[in-house]
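Following: one structure in C-alpha cells, then a few remarks.
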Amino acid sequence: MKYRHACHAGNFADVVKHVVLVATLARLVRKERTFFYLDTHAGRARYDLGSRDTAGEAAHGILRLAAADPARLPPPVRQYLALIRAFAPENEVSLRWYPGSPYIAAALLRPGDRAALCDVEPGEAAQLGREFHGDRRFGVHCRDGFEALRALLPPPEKRGLALIDPPYEQQETDLERVADALAGTAGRWPEGVLAAWYPIKLAAVIARFHRRLSGAGLRRLLAAELCVHPDDSRAGLNGSGMLLVNPPWQLDTDLRAALPALHRILAPDGAGRWRVDWLVRE
Ligand SMILES: C[S@@+](CC[C@H](N)C(=O)[O-])C[C@H]1O[C@@H](n2cnc3c(N)ncnc32)[C@H](O)[C@@H]1O
C-alpha cells in the first residue's frame, strides 16, 4: 500500500471529517447510556505537522482554521479547534502535533464508553498500540477494517458509532466497497450510527455512489460535503464528504451551521461548494 496518512494529516479534508466526527460524538454523549466507537481505518493517531511531508497540506487546512477568531466559529468547529489545541504538549503553543480520529474520539468518550481501533498496516497498528496502551477504554486491532465491521458489530452496548475512513487507493472500487459495507452493517445494526468519509474528484463518480447508496435500502442517510475547488477541476482532490447513516437527532442542523463557516475559511477565494442534504429520509 502506497497511502501514508502522515502526508495528508490536518489538510482541509481531515478538518471537515474531524469536525463532523466531533459534532457526531458531541450529540452521542448527550445521552447518558454508554456507547461503542469503532474506527475501522484508524491510522497512527498522532501526526507531526512539522515534518516536510505534512506541512504543505496542513497550511491549507488546520493552520488556516487556527488563524480564525474562535468566537466567530459555530459550536462544533470551536469545539474541534479547542480539542486540537489541547492536544499540544504542555507549554507548547504551536500546532505541531495533529491528532487523528482515535485521539479525537478519546477526548470525547466518557469513562464508561468503549472503543476499538483497527488498522491493517502492522506499523500503524503498533504505533496505535503504544499511543493507547494506558487507556482501558480502547482496544487496538491489527486487522482489516471491513472485516471488523462484520466481527465487532452490533456491540453489546447497542448504541454507538462506526467511522469508516479507507485510503481509496482505487477510488471506484473502494466507493463500491464502502456502499456495500454501509448497507450490510446498517441491516445488522439498526441502532448504530455509521459515518463514512469519501473523496470528491469527479462529480459523476459521486453521483453514481449516491445512487448506489440510495438504492441499497438504507434509511436516514445524510451527506455532508465541502469542496474547495470547482467540481471536476484537475486539482487532485476537489473536496470530500461524509455519509452518515442514522445520524443523531439535529446533527444535520449542527452541520448546516458548521460547513458554511468552514467553507469561508478553507476556500478563501470562494471556490467550490458545501452541502448538507438527506439522500434518504425516514
Ligand atoms: C485515511 S487513513 C486513516 C485516518 C484516520 N481515520 C484519521 O482520521 O485520523 C487510512 C488508514 O487505513 C489504513 N488501512 C488501509 N487499508 C486498510 C484496511 N483494509 N483495514 C484497516 N485499515 C486499513 C491505512 O494504513 C491508513 O492508516
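The values are calculated or read from the model by the stated rules, or taken from the named source; none is laboratory data. Source: prediction; values computed, not measured. No Cβ is skipped: glycine too gets one built from the backbone with ideal geometry, and neighbour counts run over all protein chains shown.
List of remarks:
- Considering only residues in the stretch 230-244 that are modelled with pLDDT of 95 or more and touching a Leu at 6+ places or on another chain (Cβ under 8 Å), the one that is farthest from D180 (Cα to Cα) turns out to be G239.
- Condition met for A224 (closer than 23 Å to D69 by Cα, modelled with pLDDT of 95 or more and surrounded by 15 or more Cβ atoms within 10 Å (Cβ to Cβ)): no
- A88, sole failed condition from (1) within 12 Å of the ligand (Cβ to nearest atom); (2) of a type in the set (G, A, S); (3) surrounded by fewer than 16 Cβ atoms within 10 Å (Cβ to Cβ): (1)
- Qualifying residue in the stretch 140-149 (condition: away from the ligand (no atom under 16 Å from the Cβ), in a loop (DSSP other than H, G, I, E, B) and either more than 18 Å from the chain's Cα centre (by Cα) or loosely packed, with under 13 Cβ neighbours inside 10 Å (or both)): no
- Annotation note: Cβ proximity below 6 Å between a residue of the stretch 32-53 that is in contact (Cβ under 8 Å) with a residue 60 or more places away in the chain and of a type in the set (F, W, Y) and a residue that is away from the ligand (no atom under 14 Å from the Cβ) and in a loop (DSSP other than H, G, I, E, B) (sequence gap 6+ or interchain) occurs for F35/D113; F35/E157; F35/R159; F36/P155; F36/E157.
- For the stretch 142-183, the tally of residues that are among the charged types (D, E, K, R), touching a Gly at 6+ places or on another chain (Cβ under 8 Å) and farther than 25 Å from L109 by Cα stands at 0.
- Filter pass, I206 being closer than 19 Å to L222 by Cα, modelled with pLDDT of 95 or more and away from the ligand (no atom under 14 Å from the Cβ): yes
The rows are residues; the columns are (1) part of a helix (DSSP H, G or I); (2) closer than 24 Å to Q250 by Cβ; (3) within 16 Å of the ligand (Cβ to nearest atom).
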position: R27; (1), (2), (3): yes, yes, no
position: R30; (1), (2), (3): no, yes, no
position: R33; (1), (2), (3): no, yes, no
position: L38; (1), (2), (3): no, yes, yes
position: A71; (1), (2), (3): yes, yes, no
position: V77; (1), (2), (3): yes, yes, no
